[in-house]
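Below: the structure, in structure tokens.
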Amino acid sequence: MRKLFISVLAVLFVLSMVAVTTVYAGPIQAPTKPFVFQNRHGAVTFEHSVHLKAGLKCQQCHHMWKDTSKPPRSCKVCHKEKSTGGVPKLYYMAHRSNHSCKGCHKAMKKAGKKAGPTRCSGCHKKN
Ligand code: HEC
Ligand code: HEC
Ligand code: HEC
Ligand code: HEC
């Protein structure tokens, strides 16, 4: 009787561990597939892998990402063709401040660090 009780407990313990690992899938992962920004100046390909290898943190780009149990929202949800209610437009987001794509590359290059492209054709590929 005692043996049976212990094995039932053991089975329950194993089942509860399985339940915990399936409900908790781990932190949100960055996409492994490149993301392509389509725009009138030529498509720009963005890859998480090169940026994460360079040691950047998620929130350096996903600057509004607070609830990390859900994926971050796409930049274009807020940044539109024209600036709207205090949100800079897409063009500014991509080229202007030190937190933008081009702005960060420029600032890092200036600081003598390994950075991404700063010339138009380094990012924009016409086909
Ligand atoms: C250098 C900037 C940068 C860094 C660092 C970065 N991301 Fe991203 N992330 C982007 C861009 C740009 C996109 C694609 C455009 C978009 O979906 O808004 C994107 C898209 C995503 C998406 C898809 C969103 C969607 O709705 O399609 C997820 C998920 C994501 N990132 C997670 C992460 C995680 C997790 C990290 C940190 C480990 C991270 N990112 C670090 C810039 C960055
Ligand atoms: C939920 C809305 C929202 C999302 C999603 C969002 N932004 Fe922003 N962004 C803002 C707002 C609001 C501002 C202006 C206030 C500020 O600077 O925080 C801003 C400002 C910026 C700036 C200018 C900062 C400066 O120094 O002047 C950059 C660059 C930027 N966002 C890049 C991004 C990128 C890249 C993404 C996607 C990876 C993104 N944003 C996603 C709302 C958003
Ligand atoms: C906060 C800084 C930062 C931001 C923001 C940033 N990058 Fe970069 N990017 C880097 C660094 C650092 C590298 C160089 C990594 C290396 O060569 O080791 C890089 C590399 C690149 C490369 C070259 C990739 C390759 O294969 O060599 C491209 C293209 C690029 N970034 C595009 C973008 C785009 C598009 C955005 C905006 C959506 C962006 N980056 C935002 C820092 C940044
Ligand atoms: C670090 C990468 C990078 C560099 C360098 C860069 N761009 Fe961009 N550019 C982008 C990204 C990302 C977008 C996409 C934003 C979007 O979705 O419209 C963009 C969008 C644009 C757009 C379209 C804006 C819109 O509202 O449709 C124009 C025009 C443009 N870039 C011109 C240029 C010119 C000219 C240069 C050189 C002086 C340049 N870019 C250099 C990343 C870059």
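Bear in mind that the values in this text are calculations on the coordinates, not laboratory data. Small disclaimer: the values here were computed from a predicted structure and weren't measured. Counting neighbours? That spans all protein chains shown, and the Cβs are built from the backbone with ideal geometry, glycine included.
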> Which pairs in the list 53/89; 57/113; 80/106 are over 19 Å apart, alpha-carbon to alpha-carbon?
Replying inline: 53/89; 80/106
> Modelled label-to-label distance, residue 82 and residue 114, 7 Å Cα→beta-carbon offset: nm?
Replying inline: 4.3
> So, in nm, how far is label residue 29 from label residue 66 when the simple model puts each one 7 Å beyond its Cα toward the Cβ?
Replying inline: 2.9
> What is the sum of charges around residue 100, taking Lys and Arg as +1, Asp and Glu as -1, for the other residues whose C-beta is under 13 Å from the C-beta of residue 100?
Replying inline: +4
